[in-house]
Structure formats: C-alpha cells, structure tokens
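The values are calculated or read from the model by the stated rules, or taken from the named source; none is laboratory data. These numbers were taken from a predicted model, which means no experiment stands behind them. Methodologically, a virtual Cβ is constructed for each residue, glycine included, from the backbone with ideal geometry; neighbour enumeration extends over all protein chains shown. Protein only, heavy atoms only, side chains kept; ligands, DNA and RNA dropped before computing areas. Shrake-Rupley method; radii C 1.70, N 1.55, O 1.52, S 1.80 Å.
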Amino acid sequence: MNEVVEMTAPVAHAASGRIAPDHDAVVARKEPKILVCDANEAAAWGVVLSRPDMVAVYPITPQSSLAEYVAQFVADGVLDAELVEAEGEHSVLSVLHGAALAGARTYTASCGQGLAFMFEPYFRTPNLRLPIVMSIVNRDGITPQCVWGGQQDAMTVREVGWVQLFCETVQEVLDTIVMAYRIAEDRSVMLPVNVNHDGNYLSNGIVRIELPEQAEVDDFLGAPDVNWHAALDPKRPMGVDPLTGGATGPGPALFVGYRRGHCEGMQNALRVIVEVHEEWARRFGRRYAPLVEEYRLDDAEYALVTIGSMAGAAKDAVDAARERGEPVGLIRIKTLRPFPLDAMVAALDKVRAVGVVDRAVSYGWNSGPVHQETLAALQYCPHRVPCLSLIGGLAGADLTQAHFERAIAETARLLVSPCPREPVWLNAEDR
Amino acid sequence: MEQFDYVVLGASHAALEALRAIRAHDSDGSIAVLDREARLPVSPTVLPYVVSGKRPEDRIALRERGWFDDLRVDYRQQAHAAALDSAHSRLRLADGSEIGYGKLLLATGAAPAVPPIAGLSDVRFHVLRTLDDALALREAGRSAGRAVVLGAGLVGMHAAENLARAGARVTIIEMRDQVLPGYFDATAAARIQAAFHDNGVEVLTGRRVERVAPRAGGCTVQLDGGDPCDADLLLVAAGVRPEVSYLAGSGVAVERGVVVDAFMRSTAANVWAAGDVVQTPSFFGDATPAGGILPDAVEQGRTAGMSMAGDPGVQAYPGGVSLNTYGFFGRRALSVGRDAPQQGGADWEVLVRGGEGSDAYLKIVLRDGRLQGVFGVDVLFDPGIMWELILRRVELGARAKALLEDPQDAARALMSGLWR
Amino acid sequence: MSATPTIAFDAARCDGCGHCMNACVSAKSSDAHRAQPRIQILRDDESGRWGIAQCRQCGDPRCASVCPAAALEKGDDGIVAWDGERCVNCLICTAGCTFGGIAFSAAEGHVVKCDQCEGAPQCVAACTRGALRYVTTANLYNRWGDLEDLFVPGLGGCQGCNTELIMRHTLRRVGSNTVLATPPGCIPGMGSVGYNGMLGCKVPVFHPLLTNTASMLTGIRRQYKRKGRNVTALALAGDGGAGDVGFQSLSGAAERGEQILFICVDNEGYMNTGAQRSGSTTYGAWTATTPIGESARGKTQDAKNLPLLMMWHGCEYVATASTAFMEDFYAKLEAALDASQRGFAYLHLYSPCTSGWRFPSASNIEVARKAVETNFAVLWEYRRDQGLKLSRDIEDPAPVTEYLKLLGKFRHLDATQIAHIERHVAEQAQVLRELARMHPREGRQVVGHQSDLMAVDLDQ
C-alpha cells in the first residue's frame, strides 16, 4: 500500500480548509486529504467514501490490488462494510445480488477472466435493476495467456445492459466511483455501473490525488436507495423474478415491459450522468466531461476518437501535431453505455475525418468496437465522415505519443484518399 | 327477517351430525338450529333408561350448549317451524316470525304414531319419544300396579322391561305374531319373548285391541275375542310417523316421509332432509324396513351436511340397512340387514345354528355368496363390521362357515384384511 | 381437532403369539375382574394372515356420533374416551364402528375399547416381532397443525410427488420471517415463486440462478444481520442446483460458515426438464441422457454422496432425511433451523420422482421408505460438536433389490449391475458405520491399555 505523502502545496480543494496531517503515516492514512497512489488505491478510497454495506471480492482470475486495498480498509476499520471473501467471481456478484435485494449498497471489482466467469450473474444484474457499482480494471482476454491490460473485457459485455464509464485519470477513477452510486441509485436509472480504468496504465501509475471530505460525500450521495423496486424482505414479501408466460398469457407484454423499462433507464442515465457530473464539479471543484470530451476540436479538421487512459498520450500527440500546424483534435468517450449519441454526433460533426483507436477487437467487423460505435453514430451526422479503425494497446502494449502521432497521420490521410477497410494495428511492429 | 346461510330444524342425531359436517367444510357460514324442545337435545334411545331410573335426566344430553357455541351455531330452543315456503327460502315459525335460509335441513324426526283404537282419546295414555314423555312415564310407573304396553317394537319392549323392573305387572300386546317383528325372525323372537315371560312379563302376540275405556285410576283394554285387561298405566308404542306437519304446501314432496335423493336433497331446491323424518330408501332396493335406525340417521345427517356445504368429499348415501342392538334382561340380541324372503330362490342361502333350547341363536343370510343379514341372540359380534360387509357387498365364499362358527372373530379377521 | 398417535399393525410380521393381548389383559384387569383384551389378533384362515381389531381413535369417531348417551367423546389428547357414568349399554357404538374397536365385555359388563395406556401402549411393548408399532407422527400435526401454510393452495407438482409435502412442512416450521430461494427446478416449476405476477407463497421468494443459491442467500443473510435483523435464509434446491452446477457456491458458503438453512431435495437427476442425469443419479439408472440401447445400460458411474461432502465442510449441521420418516425429518428440520442461526446447515432429503423414476404415483412414500430400509438411503445427522450419528439401525437392511424392483428406471439392470449397486450400498453403509463410531470432537482418548491411567489430551 502506498504511503501517504505530506504535501506542502495548498490543497486544491478549498472546502476542506485543512492540509493533510504530517504525522504518523498509519493514522494519517485514515483521514488523508491528499495522497499519492495508483488508480486501484484511488478506487478503493472511492469505495471507502461511498460507504457500501457490502463488498464481495475474489482475489484471483485475475484481480487487481484493488480488492486487497478494500480488504485492508475493512480490516483497519476505515471502511465499515461486510466483506465477503467469496470463492469466485460468480459468487461475488451473486452475493451482491442478494445483498442489494436486501437493501445493501454494494461494491466489487473484477476484470478479464474474472468478468467472464462472473458473466451469468453479471448478465442478470441490470435486468434485476440492481444499482451495484463495480470496477473493471480492464484487461485483455486469454488466449494467448495474458495478464495485461486491454479493454477486451469491458467491450465484450457492452450489450449486457450495465452503464459503462471509462476513466482517464487516477483522480477521475476515485471521483467516478462515488458519482457512480448517485447515477446507479437514481430512481429514474436503477442500473448497475461499471467504472472502468485501464489495467497497467492507470492501475500501476502512481500520481497525486485529492480525497474529498467524507461528510461532503455523504451529503452528495445520501442514504442507500437500492431495493425500493424489488426486495427480498419479510417486511415486504414479494416474489422476485417469477417466470413470465412465454408466448401466452401476459408473458410477452410483461417481458417487453421489462426490456423497454430497461432501455428507458439507460436513456435516463444520459441525463443523470450529466447532472451528477455537473453537481460534482459544483461541490468538489473538479469538472469532467460526463459523456464525450472534446479536446482542441472546435477548429480541427480531423480527430482521434479514444476511450480510457490512452487519451493522456493521445492529447500529447495532438498538442505536438498542433504545434506542427496540423488541424487535429481529439474526442474521448467517457460514457460508452448508454451510448451518448447526441454528444458524439455533435463532436463528430465538427470534423471531416476521424481515426478511432481501440484497445480491443471486434472480430467479425475486422475493426475495433469503439470504431463500430462511432460508425453507428456517424449515421446521424449530416455529412459523411470517413472513419478509420486503429487497434493498439492490446495485452498491456504501450500506446505512446509516437503511436498516436502515427494515428494522427493515418487519419489525416483520409482527407485525401479513401478510407481503408483494414484496421491499422498500431503495435504490429513493436518488439 | 333474519337470514342464515344454513338453517337446521331439529337437534337430534341427524341434525347434530349435519352441523358437524357443515362446519367441517364451511367455517364461516351462519348457522341456526331450531329445536322444538325446551331442553338440551336427548336421544329417544336413552329414554327407557330414564324411565327405569338407571340414568338421571340431567346426565343424558347429547350435547351441551357450549358445543353449539364452539361451532358458532345459533342454537334456539322452543322454536317450532309452522310452515315452509321453499320457493322463497323462508320459514314461518309458530310465533309468527320468519327466518330466511340459504340452505335448509329438515331433521324434525318422528312422533309417536297413535293407532286408530276406539276410545283411545278418552283415556290417559303414555307415549315415549321425548324426555317429558319419559319423566311422565317414570312418575306413573312408580305407582302403577299393572301396565299395558301396546306394541312389541323396540320402544315397547324396552319400556315394558323397565316398567317390570320398576315393579309393575306388565302386559305387552302385539298384533303381529311375534315380538320385534321386522328385526328378528320368529325363532329369535321366541327366545326373547321367553325371557320376558321368565321375568314375569306377559306377552300377547297376534292380538288386537278392540277398544279402550276409562276406569278409575286407569283404563280397561278390550282385546279381540278375549278378556278385558285392566291397566293403571297404558303405553302406546305402536311405532312412529315422520314429523312433517309443517310441510303442507311447502313444495317438499312427502310420502311415507320426506322424499330424498342419494344426497338427502328433497324435491324442493335448497332443502335437505335427514333422519327419521325421511322416507329412507332401502340399501337392498326392496321393501325391507329401513329408517328409524340411529346409525342410519347419523349417516344421513353427515351426507346432508356435506352436500349442503358443498364438501367435495360427499358420497352418495347407500340406502338404509336395518340394524339393531337390543339388550334385554342382561342379554343381547343383535340384528343387521335383512332376512331371506319366504320365496327366496337358489341364490339365497341361510345358515343357522342354535335352535330351540341351545345357548345361542345365530342366523346368517347370504345371497350370491354375499352377506345380507346376521341375526343373533346371546351371540356377540360387531354389528358395525357386518354392516360394512353388507354395504361393500363382500363375497364371503368359504368364510361363511367360519362366520357362523365365530361371527365376531371371523368378521374381524376378514375386516382386517379388507379395510384395516 | 387434534391428531392421534396410532398403533400400527404389520400383518407380515405377526405370528399370532398373543403377547399383545395378554399384555392388554394384564394392563386392564383389576382385582374385581379379568379384562377382555382391547386388542384382538385373529387369523383369517382363508388368507392365512393375521388380522387385528382395535380402536383406531378415529378423527371422526362414528361410535361417538351414534352414541345416544354422549358416553363417547374424542378428547383433546385424541383418545376416544368412554364414560361409564353415561353409558346405557345399548351397544349402538358397536354398530357405529367398522373396525371392531369397541365391543361388549361380558366379564366387565360394558363396552370396552383401547385407550393407548396413556401414551405407553402395553401391547406394543409386548410385541417382540415388530408387528405392532406405536406411530406418534400425528403429534407432528398437533405441534405444527396451527402453523400457517405459507404456500398458495395449489402448487403444480406432478401427481404423487413428495416435494410439495417437503416445501409446505418446511416453510410452516421455518415461518414467515424468511427469505426463500428456490433455484430453477421442480420447486419453482411447481409455482413457488409464481407465474406472471402471481406469487407462489407468502414469504419473499426468488429464483436464484441454478448456480448461485448459496451466494445470493449469503448476501441476504449478511445484510440483515448487519442491520440487526435475524431473517432466516432458506434454500429449497434440487440436487443439480446443490451438487452439480450449484456446488461451487454451496461449498463456498458452507466453508465460510454462512448462516443459511440449505435444503436439498434430491430426486437424483434433472427431473423437471425431462429426467436427465445428474451427479446424484444412481449407477445403472435410466435417464434421458443415460438411455438404454444396444451398447448402453444406463449410468456408468456411482452417485456422489453430497451430504457426506457437505459434512466434510465442517458445517454446523448436516443431515439426511426422508418423507417416509416424518418425525425424523421434523426433528432434523428443527435442528437444522437452530444450527442455521450459528452457521451453515444442510439438510438432504430423498425425493423419489414418480414421473422420472417411473413408478406409480401412489407409491412415493413407499419407495422412500424402501430406500431407507434397504440402506440405499441411510439416515444420519452430523453436528459439528458431536460428529456423525446414525438415525436408525442399519445392521439388518432389507435386500437392495426390494428397492430397485419398485422403480422403472432400474428395470433393465442385469445381475452385474445389481451386484455393483449392492456393493456400493454396502460400502456407503460401512463408511457411515465407521464414521458413526468416531467422535473426533471429544478430544480425549485413552492411549495404551485399559489399565494405563495416562490420558492424553489430544487438543493440547
């Protein structure tokens, strides 16, 4: 666990009015205001601040240090939550199903194969409309054997019905975890939220972050509001998830009602995500683009589309290109599900060509999944925008400024020549 | 007008069993019981024991009031039904009030039949059907030197024995050729009659009463072609007739009693009947005497109650089987079922042991190898098992001989294998 | 109305020795008279079998209904009592009874009948052949009859299935402060959770996934504990949802000692979906996925012993039970419920499947009984602090074939297969016998000869 570093600089968050204490590190860790850590610890602090009733974890297949941080916080009394050391990810999420139906605010984290193993209850979670928050410390999938970052896990489950948020920075991870509970538990949403942060890139990079005040987070989140719609509580007996009637009786309409309600919740989430990010900025002074971030886009002729932490290096490459006079901008998707169609169309409409950088593969389309999403959004643009797929950063491969400079160059070429059908494999020549 | 889901007229065996059956299926429906009597219900069967003083009148009630309360039954005494309007589902009572019902059970029983004997209306005579009758008879019996009993049925025979025990000189007059006609054959009857004779009771069979005339302290009974017979006490025990006086114009068909189907439904909608008020169909489908049998009344009451409450477990009433357990002077006579007809064919078989002078008499009647009747004097068996063997039409085959030898054990062994 | 214990008679075991009648005479005689026995054992020469005549203490006694003197009454203790103060000796009761249960005794001068000797019938005590048994199962009704049935009146089980019995009796006892999990299978198939918005029971109920029953209950139980509420977490699961695809979550929850009452209704396969093989299916059994053909003779592996597997988890309580032995089942349900307040409690119920095992629907309880009497299904219980105990004697079992021949799913078995099953049954019984002899938790064992006073405390 990272020690707390004493800061001499004033704390950015003026509301606290205090500077992190400089005495005993262990004591200090219990109430830090500023700390230097990776995204896993930041996420764990986000969990602490959100005060879940129950956390269930399984440490392997694979897991990150996130689970260990949370376990230690529970052990240290920093976090007052039931900790269930389940025997696998499948049970991890199942335990949280039960707990949420009993009214608990819940949290877990997983990724890669663990997510794959969890898939059966994962698939069911949004259909039960349980506002569970779960980190995915994104990983690539096997085979070949791989324990490295990539977004294949989250991209593979994007049709399951969870809200999917992708963070760029360590601070954003912490803040987004807390915001995720507000989004998930909003009565017009009632959906589980995945807060994604990139394995290796964010999970291992140590930076300075700020911790909001617990009391202010409490005020921001309010009490858990989890099972008003579906409960397993002897005080309110009900049958959760009775069999619907198939082709007869009220079955089809009943089922359609559930599905349509789920879709409406997703669409409501677009509004709620924006509102929650606005409120977060107002209360805590940190502003994030809730759906789609536009970077140097207004005067751009073409742009990169990115998702997750790769945006950092990509922005550096954009800055360098701008200095060379190349009219390039950047679009970063924070919210992939629900898909922010309007925000995305507005951004795409500002340029004449885009190159979409994916850290995952959409096999049958011979491109990346975000590329597919972008293509779908382009259908709603008034003019035609050629759209190139670039795939990189698989299995922990670096996506450096140099890679993005190439991506910029490939995208610029769309202005003068036809868009290739083949994706550009950015790390194909890396050794 | 008061209204009940169920109204039951009468509170004797059939009515009480019907109440139990209704409540077993319908825990909520409102029930009223209207009884003519001013006292708690009493079975006519115990009345001879009241007459003899063997049982005090305050220890013979069939049910206490609490039993009705527990069943949430509105139990009303001295409530006489005067008229039934089945078309409008309401009853008029003797006091002029009206009660509406959802379903009605007629279980008003029977009243003593008074034979058309000249002069009978001019003399004081007793009957034995109610507790008041029994108390009056007991009182009269204490001072009666000489008593005459008209009728050698069960009531007459019981009463005669008890009057004799009380010290009276008793004469029984029966117009048929034997005592207990219809229940026992001549041989059995003779054994019983002999017991009465041995205990000082005079039994005159095959004799008619021509007329009766008042006499100081009693009456004189004039027999056909014989001497007059003085009586300090005259008991008329010439059978009973169904109590149907209130059914005139009601829409309920009455023949020898209320006509019912196999679920004890009368011919009027929502009106059932059970017990002695009913014209009981015979199980055998012939003219065998049926009705007036206590266990039968209970079966009818249960069938009616279940049918009224819509209990899906209800089964058709199989028809009456004559059945009697008769105790006399410390001895016992039992009869179940029917005797063979005089002109029975080859399908009939009659097995008998114990003729005149022997310790016991037993007669077993079979048809097509199936039990039709068992009659015993001074032989013990289980009438309930015999009854069930008849109802089930059990083929006895070679067991008939064993049954004759030891009817109790053989029938029990058979029962144990059949319906244990 | 209370239910009444019964004196049950097994004609096949009776040899007519008459000890029961003598014992009754002794019990009921006084100085004044020699009693007539209230139990009669009689031989039917035609069939060569012994029969019995004795009062059944009917729930709806006709002897009492027909009594004109109100001398017979069924008491709160269930016994039909005779009142000599009221009886007029009319014998009409003997006409009301079709069992020869009340009869005139010349020596005693009145009718006599069995009164079950105030709960200790002497006839049963005198029977050395097991032909008479005092069956007190009726007491279950008296103890639990007033508890609310928490399932809907109509559950859609197959005809003759005992699972509805298990469900209703269990939930009655466990009560309404419960969350019930019924993973996919026969139990929700009957409608426990409900259909189309109609609920199947009065407690909160849900379909877990087939795989995650114990895990979901973990979350529920822990959350309520956290909030200071003692809500019972109850699972009614099939053998597949418990022991095959559901085993991981079951094992995990048991290992963690979650406070759950997990009941496995074992019908030895996936019977709700057309009788497919599971890990609990018996060797040799026909199932839809282990069919009989030219080169196949049913399942080729033995069933796993799920309750023993659960025992090795060190659960608070593990037991096997059968609906043919309801008192035993109830006692274990009680113990399991109690144990589930402290840790994991696992109850394994044998549930013969009328449709999937191919036997007449009227025979379910008989099949269940035979399974136990042949040691095919051994009844035992394990408590963490006491080890394993056998619930009934297993030393003189009936031949396994008596069980196998009842079931269509075994109809094709050849001699080799039968021998295999017999061997497996004997081995399982031997394992349980040995386990029952061990008392690992007692902690103190004498080492060396009897005379050696040195005792070693193995806990230290």
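Calculate what fraction, in whole %, of the accessible area of the stretch A:292-425 sits on carbon and sulfur atoms when a 1.4 Å probe is rolled over the protein chains.
On the way: 2640 of 5230 Å².
The C+S portion of the solvent-accessible surface of the stretch A:292-425 is 51 percent.
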**Complete:** The answer for A:Ser135, listing residues at least 5 apart or on another chain whose modeled amide H is closer than 5 Å to its amide H, is A:Thr108, A:Ala109, A:Ser110, A:Val195
**Prompt:** Under a plain spin-label model, where a point goes 7 Å from the Cα along Cα-to-Cβ, how far apart in nm are C:Lys389 and C:Ser47?
**Reply:** 3.9
**Complete:** For the stretch B:321-357 the residues that are at least 40 Å² less accessible with all protein chains than alone, 1.4 Å probe, are B:Thr325, B:Arg332
**Message:** Quick check on my link table: of B:Lys401/C:Lys28; C:Lys225/C:Lys389; C:Lys304/C:Lys389; C:Lys202/C:Lys409; C:Lys202/C:Lys227; C:Lys74/C:Lys370, which ones sit more than 25 Å apart, alpha carbon to alpha carbon?
**Reply:** B:Lys401/C:Lys28; C:Lys225/C:Lys389; C:Lys202/C:Lys409; C:Lys74/C:Lys370
**Request:** Within the stretch A:355-431, list the GluC sites (Glu not before Pro) lying in a DSSP loop whose Cβ has at most 14 other Cβ atoms in a 10 Å radius.
**Result:** A:Glu429
**Message:** Less than 13 Å Cβ to Cβ from C:Leu147, Lys/Arg counted +1 and Asp/Glu -1: what total charge do the surrounding residues give?
**Reply:** +1
**Complete:** Residues whose modelled amide H sits under 5 Å from the amide H of B:Arg241, counting only those 5 or more places away in sequence or on another chain, are B:Ala111, B:Ala113
**Asked** A:Ser362's amide H: which non-local residues (gap 5+, or another chain) put their own amide H closer than 5 Å, with H modeled 1.01 Å from N in plane and none for Pro or chain starts?
**Response** A:Ser367, A:Gly368
**Request:** Roll a 1.4 Å probe over the protein chains and send me the accessible area per residue for the stretch B:330-419 in Å².
**Result:** 41
**Prompt:** Shielding of A:224-237 by partners, i.e. mean partner chain Cβ atoms within 10 Å per residue?
**Reply:** 4
**Complete:** For peptide C:52-65, the mean count of other chain Cβ atoms within 10 Å per residue Cβ is 3
**Fill in**
Per the C-alpha gyration tensor (a ≥ b ≥ c, the square roots of its eigenvalues), the stretch B:330-419 is rounded if a/c is under 1.5, else prolate if a/b beats b/c, else oblate; here it's oblate
**Using distinct alpha-carbon pairs, which all enter the 1/r mean, Kirkwood radius of the stretch A:313-426 in Å** = 14.4
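Would you mind getting the accessible area per residue of the stretch A:292-425, heavy atoms of the protein chains only, 1.4 Å probe, in Å²?
Working: 5230 Å² over 134 residues.
Accessible surface, normalised per residue, equals 39 Å².
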**Asked** Taking the Cα atoms only, what angle lies between the long axis of helix C:247-256 and the longest principal axis of chain C, rounded to 10 degrees?
**Response** 80
**Request:** With all distinct Cα pairs included, what does the Kirkwood hydrodynamic radius of the protein assembly as shown come out to in Å, to one decimal, could you say?
**Result:** 38.4
**Item:** chain A: C-alpha gyration tensor shape, a/c 1.5 cut-off, then a/b vs b/c
**Value:** oblate
**Sequence ranges A:201-207, A:91-97, ranked by mean other-Cβ count within 10 angstrom, highest first** = A:91-97, A:201-207
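DSSP loop GluC sites (Glu not before Pro) in the stretch A:127-213 with at most 10 other Cβ atoms within 10 Å of their Cβ, which ones?
Passing both the DSSP loop test and the Cβ count: A:Glu159.
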**Asked** Rounded to the nearest 100 Å², what is the sum over both chains of accessible area buried where C meets B, with a probe of 1.4 Å?
**Response** 3300
**Request:** Grab the other residues whose beta carbon is less than 11 angstrom from that of B:Gly167, score K and R as +1, D and E as -1, and report the net.
**Result:** +4
**Message:** Roughly how large is the A-C contact in terms of buried accessible area, totalled over both chains, probe 1.4 Å, nearest 100 Å²?
**Reply:** 3000
**Message:** Can you give me the C-alpha center-to-center distance between the stretch A:52-109 and the stretch A:357-431, rounded to a whole angstrom?
**Reply:** 37
**Prompt:** When the accessible area of chain C is split by element with a 1.4 Å probe, what percent falls to carbon and sulfur?
**Reply:** 49
**Complete:** Surrounding charge for A:Ala313, neighbours by C-beta under 13 angstrom, Lys/Arg +1, Asp/Glu -1, total -2
**Item:** Per residue Cα convex hull volume in Å³ - calculated over the stretch C:6-105
**Value:** 125
**Fill in**
Under a 1.4 Å probe, counting only protein heavy atoms, B:Leu131 has an accessible area in Å², nearest 10, of 20
**C-alpha center-to-center spacing [the stretch B:216-275, the stretch B:8-70] in angstrom** = 21
**Message:** Based on alpha-carbon centroids, what's the gap between the stretch A:276-310 and the stretch C:393-428 in Å, whole number please?
**Reply:** 72
**Prompt:** Per-residue HN-Hα couplings for the stretch C:320-332, Karplus 6.51 cos²θ - 1.76 cosθ + 1.60 at θ = phi - 60°, whole Hz, x for Gly and Pro?
**Reply:** 10, 8, 9, 6, 7, 10, 5, 5, 4, 4, 5, 4, 6
**Asked** What is the packing order of peptides C:111-117, A:232-238, taking the mean over residues of other C-beta atoms within 10 Å and listing the highest first?
**Response** C:111-117, A:232-238
**Asked** Under a plain spin-label model, where a point goes 7 Å from the Cα along Cα-to-Cβ, how far apart in nm are B:Glu37 and A:Arg271?
**Response** 7.9
**Asked** How much accessible area per residue does the stretch B:26-88 have, in Å², with a 1.4 Å probe?
**Response** 46
**For the protein assembly as shown, calculated [θ]222 nm from helices alone, where every DSSP H run of n ≥ 4 adds -39500 (n - 2.57)** = -9000 deg cm²/dmol
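When the accessible area of chain B is computed with all protein chains present and a 1.4 Å probe, what percentage of it is carbon and sulfur?
46
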**Asked** Over all residues in C:254-261, what is the mean tally of Cβ atoms on other chains that come within 10 Å of each residue's Cβ?
**Response** 1
**Message:** Give me the extension gain from B:Phe329 to B:Ala287: residue separation times 0.36 nm, minus the current Cα-Cα distance, reported in nm with one decimal.
**Reply:** 12.0 nm
**Prompt:** For C:Lys304, C:Lys370, C:Lys409, what's the largest-to-smallest order of accessible area, 1.4 Å probe?
**Reply:** C:Lys304, C:Lys370, C:Lys409
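May I ask you to derive the FRET efficiency for C:Glu327 and C:His420 from their Cβ-Cβ distance with R0 = 35 Å, giving the value to the nearest 0.05? Display every interim value, and only then the final one.
Details: r = 33 Å, r/R0 = 0.95.
Efficiency, from the Cβ-Cβ distance: 0.55.
Show me the ranking of peptides A:321-332, B:104-115 by mean Cβ neighbours inside 10 Å, starting with the highest.
B:104-115, A:321-332
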**Asked** For a label point 7 angstrom out from the Cα of B:Arg165 toward its Cβ, which stretches of the stretch C:74-110 have the backbone nitrogen within less than 18 Å?
**Response** C:83-93, C:104-110
**Request:** Determine, from the Cβ-Cβ distance of A:Ala253 and C:Gln301 and an R0 of 41 Å, the FRET efficiency 1/(1 + (r/R0)^6), rounded to the nearest 0.05.
**Result:** 0.35
